[in-house]
Amino acid sequence: MNKVHKDIPKQAQTSSSKMLLAMAGIGAVCALLIAFVFETTLPRRESLKEEALQQAIFKVVPNGKKSIAFVLNDEGILAPLGDGEKGEVALYAAYDDNGVLQGVAIEATGQGYADLIKVLYGYSLEREAIVGHYVLESKETPGLGDRIEKDERFLTNFKMLSARLDASGKQLLHPIVTVKEGRKQQTWEIDGMTGATISSRAIGDILNKSCQQMLPLVQAQKEQIQNAYGNLN
Amino acid sequence: MLMETLTKVAPKNTPDSSPKKKGRKPADLLSNDEFIKGLWRENPVFVQVLGMCPVLAVTNTAENALAMGLATSFVLLMSNVLVSSLRNFIPKEVRISSYILIIATFVTIIDYVIQSISVELHKSLGAFISLIVVNCLILSRAEAFASKNTIGKSVSDALGMGMGFTFALLCLGVVRELLGSGSIFGWQLMMDNFQTWIIMILPAGGFFTLALWLLLFNGLQLKKSK
């Protein structure tokens, strides 16, 4: 046994300080590279994201041509954001060329199968229904869960998904739910997808939660949202 | 297991410390042989069967396959360059962690670059961009080749392997999109009454297509060797 040990050549051990120096040096170079690319691409990434968001707003609110962002203050009042003003946007109101309110686009986030799903949905105040849906961010499984953004049949659910408030105007008359594929019978039900069960249910939950919270505010302040266009233009 | 794979995948790569290196010819700087090797003889997918996660998962459309192939090639090229440049500076005990750090940096960079090219493309590749970090192909080239060879040869190796990987991904992506969606790069090629094979865009379709390509590739290699 001892002989075997003697035959193995001993390799010189690198000192800890040299290893530390190497790792710290590479780490510093990598951090600089990342910071440089992050800063260089930031304006372009932000403008593309903003552009994509604007396109998405007009995609989920049919006939929308211009939009105004609204923030929600502590008193539950929706206030329009002027040009250059910044704040946490609660919703985007979309107007046609004549300044008539066509609907609102609301961002909503919730847990999906792989990670958080961020969607933008359009709500028509006149029809009291969700009239469009667009997935802004998702990491759902390609080919399965990601059908929540591509599957034509699933997307038809959001052409006219009832989101009516009850008599008190403080909650939905019928909560939005996702049902099994082919079992949709009511206008407030989302026809789910086999093979993307969790993701399609997640969409139902996200929309229901957001609608319960936002739609009473939107309906109660319908006139202020309409008048904001005239005030800002 | 990983180390076994790393040593297995590059039996023909010898360290670049031979005496003939002195008085290097310009041709050595970018080696044709290293380039062709990755493209065909030691193709990372069809011969070495490496990087199976993106090969099976992202090849449901030709566009995704091309974008993933190019993104992986970029990371492979840049990490090979940096690993080769720092090969005398990195102690062997911390080499793997250093390589991972370098690879992760370039994956983050390509993530930002794709975001600044197209939001839609970034959305369609989704989580698989971040997963380039754990692509065995990149780590294996860093460990088995770039850490032992000059920058010129490492660049040729990375270009060959990257193009070979992109070519393989495209082979799968084109077949899967054509049969699964009836189109190639979004262009509808099949007739309207064509019944799409849903299985081809699901993970199982990836396995079937890969198996058929491997069969074809190995058949060709066998025929050539006879």
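Below, the figures for the structure above:
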{"read-out": "Segment A:53-70, residues that are surrounded by 18 or more Cβ atoms within 10 Å (Cβ to Cβ), more than 14 Å from A:Tyr229 (Cβ to Cβ) and modelled with pLDDT of 90 or more", "value": "A:Ala56, A:Ile57, A:Phe58, A:Val60"}
{"read-out": "Test set (1) out of contact with any helix residue (DSSP H, G or I) (no Cβ under 9 Å at 6 or more places or on another chain); (2) at pLDDT 90 or above - A:Tyr229 fails condition number", "value": "(2)"}
{"read-out": "Filtered residue count, segment A:208-233, keeping only those that are within 20 Å of A:Lys159 (Cβ to Cβ) and either touching a Phe, Trp or Tyr at 6+ places or on another chain (Cβ under 6 Å) or not aliphatic (A, V, I, L, M) (or both)", "value": "3"}
{"read-out": "Count of segment A:10-28 residues which are more than 8 Å from every other protein chain (Cβ to nearest Cβ) and surrounded by 12 or more Cβ atoms within 10 Å (Cβ to Cβ)", "value": "2"}
{"read-out": "Test: residue in segment B:112-134 that is surrounded by 18 or more Cβ atoms within 10 Å (Cβ to Cβ), within 22 Å of A:Leu33 (Cα to Cα) and polar (S, T, N, Q)", "value": "yes"}
{"read-out": "Single residue of B:Val133, B:Val113, B:Val83, B:Val94 found to be of a type in the set (A, V, I, L, M, F, W, C), more than 24 Å from B:Gly164 (Cα to Cα), out of contact with any Leu (no Cβ under 8 Å at 6 or more places or on another chain) and at pLDDT below 95", "value": "B:Val94"}
{"read-out": "Unique residue being among the polar types (S, T, N, Q) and in contact with a Leu (Cβ under 9 Å, 6 or more places away or on another chain) when the list is A:Asn208, A:Asn227", "value": "A:Asn208"}
{"read-out": "In segment A:135-184, the residues that are more than 17 Å from A:Gln212 (Cα to Cα), among the hydroxyl-bearing types (Ser, Thr, Tyr) and away from chain B (no Cβ under 11 Å)", "value": "A:Thr156"}
{"read-out": "Flag for A:Thr41 being surrounded by 13 or more Cβ atoms within 10 Å (Cβ to Cβ), at pLDDT 90 or above, within 30 Å of B:Ser98 (Cα to Cα) and not hydrophobic (A, V, I, L, M, F, W, C)", "value": "yes"}
{"read-out": "Qualifying residue in segment B:205-218 (condition: within 14 Å of another protein chain (Cβ to nearest Cβ) and at positive phi)", "value": "no"}
{"read-out": "Those residues of segment B:87-112 which are facing another protein chain (nearest Cβ under 7 Å) and either of a type in the set (A, V, I, L, M, F, W, C) or in contact with a strand residue (DSSP E or B) (Cβ under 8 Å, 6 or more places away or on another chain) (or both), in sequence order", "value": "B:Phe89, B:Ile90, B:Val94, B:Leu101, B:Ile102, B:Ile109"}
{"read-out": "Residue match in segment B:114-129 (condition: in contact with a His (Cβ under 7 Å, 6 or more places away or on another chain), free of Cβ contacts under 8 Å to residues at least 60 places away in the same chain and within 14 Å of chain A (Cβ to nearest Cβ))", "value": "yes"}
{"read-out": "Whichever residue in segment B:186-203 is under 17 Å from B:Asn64 (Cβ atoms) and exposed (fewer than 13 other Cβ atoms within 10 Å of the Cβ) and, among such residues, is farthest from the other protein chains (Cβ to nearest Cβ)", "value": "B:Trp187"}
{"read-out": "Filter result for A:Lys49 (touching a residue at least 60 places away in the same chain (Cβ under 8 Å) and within 14 Å of chain B (Cβ to nearest Cβ))", "value": "no"}
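Results for (1) at pLDDT below 90; (2) of a type in the set (S, T, N, Q); (3) surrounded by 17 or more Cβ atoms within 10 Å (Cβ to Cβ); (4) touching a strand residue (DSSP E or B) at 6+ places or on another chain (Cβ under 7 Å), shown as yes or no for each residue.
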residue	(1), (2), (3), (4)
A:Leu72	yes, no, yes, yes
A:Asn98	yes, yes, no, no
A:Ile117	no, no, yes, yes
A:Gly122	no, no, yes, yes
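The values are calculated or read from the model by the stated rules, or taken from the named source; none is laboratory data. This one's a predicted model, so the numbers in the text were calculated from it and none came from an experiment. Glycine also receives a Cβ, built like all others from the backbone with ideal geometry; neighbour counts cover every protein chain displayed.
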